[in-house]
Every structure is written in structure tokens, then in C-alpha cells.
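Participant: Here's a structure for you.
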Amino acid sequence: MNGKVYLVGAGPGDPEMLTLKALRVLKRADVVLHDELVSTEILAFVPSTARIQNVGKRCGGKSTRQSEINSLLVQYALLGLQVVRLKGGDPFIFGRGGEEMQALREAGIEVEIVPGITAALGAAAAVQIPLTHRGIASSLVFLTGHYAESANSDHWPDAIAPNTTVVVYMPGHNHDATAQKLRGAGVAPETPCAIVSRIGSPDERICQTTIAELSSIAALPAPSLLVVGEVVRFAQHRSLGEQFSQFVAGRLEALPGTRTQERAL
């Protein structure tokens, strides 16, 4: 009898953000194939009798091809094992979970999806940025920075509607290319933005700036994401002892002071 594969979202990094269902599935796993960035604290929930295998992909480092991961999932399930494919964030948001699900379906393997808190939500909570807000942001767009430097404009929208919050996953180090792409889509240069790095880890950091000044910002450690929109003015910088924004008469207005700020959370 074939086993079953669970595509599980591990959340943004903090083990306290793991869902109860994800925890239950992990505790019953025979095999866990995990991403590079899944924390050791989360892996500690896996039974000592289970096989744990790192199949993560890191830019510039040793990687496991997606085809190999798909094959491993099928092979272990055919042995009748309970297999967990443990991914950072949510499996279906830039996590290639759809590809793995498709491969398992084609092999006749039962698959179940266990959603996780995606990095955008983890970052928004950590720095207190509401991704939507009445009168300010009525729509939300997720993009991947892998295509920021691509000449193929099909990968990013030609126009981003007003009152939209944009979250760019994996923005990379070429902030100038990302800023140009956003400006080309209609995002104003003065639009606030923030890079949030290593969400949910002890060295979590944020850098707050504008699209016009984004290219001058030093790259923060991966993984990171970029949040763009007026809602970024809500960001709370606790370590600096003050809030760099205020809500006045239904509009956000920046307080006087430095426009570009960086801090460790």
C-alpha cells in the first residue's frame, strides 16, 4: 500500500508560527524532506526514528534539482511511508508546491496540503505593517524578484493600480533593477517601501526607505522581501524608541526626520 505525502508550510521561521496541523503531521512523519531555511527548532519536532533530509535550494550553493525532489517524494511514498515535504512559508506561494503536487498526482500518490504563514504575513506582523487598510490600500499583489531584471515584461504587471500594496519575494541584491521595474509599472518614486530580512529569526532586520532611494540601500541578508506602498508608513521601529509615522484625517503622513531608517528588530 502506498504512503501519503504532505506538503507542509513551515511558516516564516519562528517555530511558534507553525500551525497545529503542521505540528501534528511532523510528529507522525516517517520521512521529512525540508527546505534549507527551515529552522532546527522546527525540525526538533520530528520523531527521532524519522529520516530527515535537506533538499533545499540556495543561490550560489549546492542545490537539489526540483526533478530530484519530485522523484524522492514518489519513491518514499511507494515504500508506504508518511512523507512530509516541509517548506518555508506556504507551499503554494512561490514554493513550487504546485509542481510537486502535480508530480505526485501523476504517480498516483495521495497528497495533502498543509498551509503555512507566508513570509509576507510574517513580515507584516513583525514590523506592524497592515498590508491592506481602509482608504489607503484596497488591493494586494505578490511578485517574485527573480524576474526583476528580466527583459520579458510578462513576468511583472505593466501597471500596478493605485492604493495597492506590493510585496516582492526574493528581491535580490539589485535594488536598482527592482525600483526601475516598479516605477515602470506606475509606482511613484516617493512611495514608501521596506526591506525585511530574515523574518522570524533572532537577527531579523528592517530597512525603511522610498522607491527613489531604494537603489542606495545596502543588501540585507537573505531571505528577505520588499514591501511597497503607503501602508509602510505604519511600520513600527521599536528599537529606536519611536514610531516614524502617524495617521491623520484618514491619510498617512511621514513624521519629520530621516526618511531612510534601518534597525534590528
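The values are calculated or read from the model by the stated rules, or taken from the named source; none is laboratory data. Bear in mind the structure is a predicted one, so any value in this text is a computation, not a measurement. We place every Cβ from the backbone using ideal geometry, glycine too, and count neighbours over all the protein chains shown.
Participant: Looking at the range 1-32, which of the residues that are of a type in the set (A, V, I, L, M) and in contact with a Ser or Thr (Cβ under 9 Å, 6 or more places away or on another chain) is nearest to Tyr76 (Cα to Cα)? Outline the logic, then answer.
Facilitator: Here is the first cut: in the range 1-32, the ones of a type in the set (A, V, I, L, M) are 1, 5, 7-8, 10, 17-18, 20, 22-23, 25-26, 29, 31-32.
When the remaining residues are screened for being in contact with a Ser or Thr (Cβ under 9 Å, 6 or more places away or on another chain), the result is 8, 10.
Values: Val8: 16, Ala10: 21 Å.
Filtering first and then ranking leaves Val8.
Participant: Ok, one more. Looking only at the range 211-255, count how many residues are in contact with a Ser or Thr (Cβ under 9 Å, 6 or more places away or on another chain), modelled with pLDDT under 55 and among the hydroxyl-bearing types (Ser, Thr, Tyr).
Facilitator: 0
Participant: Restricting the search to the range 86-124, which residues are out of contact with any Lys or Arg (no Cβ under 6 Å at 6 or more places or on another chain), more than 20 Å from Leu226 (Cα to Cα) and among the aliphatic types (A, V, I, L, M)?
Facilitator: Leu86, Met101, Ala103, Leu104, Ala107, Ile109, Val111, Ile113
Participant: For the range 116-148, how many residues meet the condition of being in contact with a Gly (Cβ under 6 Å, 6 or more places away or on another chain), more than 25 Å from Arg65 (Cβ to Cβ) and crowded, with 16+ Cβ neighbours inside 10 Å? I'd like the intermediate steps shown before the answer.
Facilitator: So the first thing to find is which residues in the range 116-148 are in contact with a Gly (Cβ under 6 Å, 6 or more places away or on another chain), and the list is 116-119, 122, 135, 137, 145.
Among the residues that remain, those that are also more than 25 Å from Arg65 (Cβ to Cβ) are: 117, 122, 135, 137.
The next check asks that each one be crowded, with 16+ Cβ neighbours inside 10 Å; those that pass are 117, 122, 137.
Summing the residues that are in contact with a Gly (Cβ under 6 Å, 6 or more places away or on another chain), more than 25 Å from Arg65 (Cβ to Cβ) and crowded, with 16+ Cβ neighbours inside 10 Å in the range 116-148 gives 3.
Participant: Across the range 86-134, which residue is farthest from Pro171 (Cα to Cα) among those that are among the aliphatic types (A, V, I, L, M) and free of Cβ contacts under 8 Å to residues at least 60 places away in the same chain? Walk me through how you get there before you give the answer.
Facilitator: Step one: list which residues in the range 86-134 are among the aliphatic types (A, V, I, L, M), which gives 86, 93, 101, 103-104, 107, 109, 111, 113-114, 117, 119-121, 123-127, 129, 131.
Next, from what is left, pick out any that are free of Cβ contacts under 8 Å to residues at least 60 places away in the same chain: 103, 107, 125.
On the way: Ala103: 28, Ala107: 34, Ala125: 19 Å.
Looking at residues that are among the aliphatic types (A, V, I, L, M) and free of Cβ contacts under 8 Å to residues at least 60 places away in the same chain, I get Ala107.
Participant: Taking the range 11-37 as the search range and keeping residues that are in contact with a Lys or Arg (Cβ under 6 Å, 6 or more places away or on another chain) and assigned to a loop (DSSP other than H, G, I, E, B), which one is surrounded by the most Cβ atoms within 10 Å (Cβ to Cβ)? I'd like the intermediate steps shown before the answer.
Facilitator: Taking the range 11-37 first, the residues in contact with a Lys or Arg (Cβ under 6 Å, 6 or more places away or on another chain) are 31, 33, 35-36.
Those left that are additionally assigned to a loop (DSSP other than H, G, I, E, B): 35-36.
Working: Asp35: 18, Glu36: 15.
In this case the residue turns out to be Asp35.
Participant: Hey, another quick one. Given the conditions (1) within 14 Å of the chain's Cα centre (by Cα); (2) among the hydrophobic types (A, V, I, L, M, F, W, C); (3) more than 16 Å from Ala120 (Cβ to Cβ), which single one is not true for Ile211?
Facilitator: If we test Ile211 against (1) within 14 Å of the chain's Cα centre (by Cα); (2) among the hydrophobic types (A, V, I, L, M, F, W, C); (3) more than 16 Å from Ala120 (Cβ to Cβ), just (1) comes out false.
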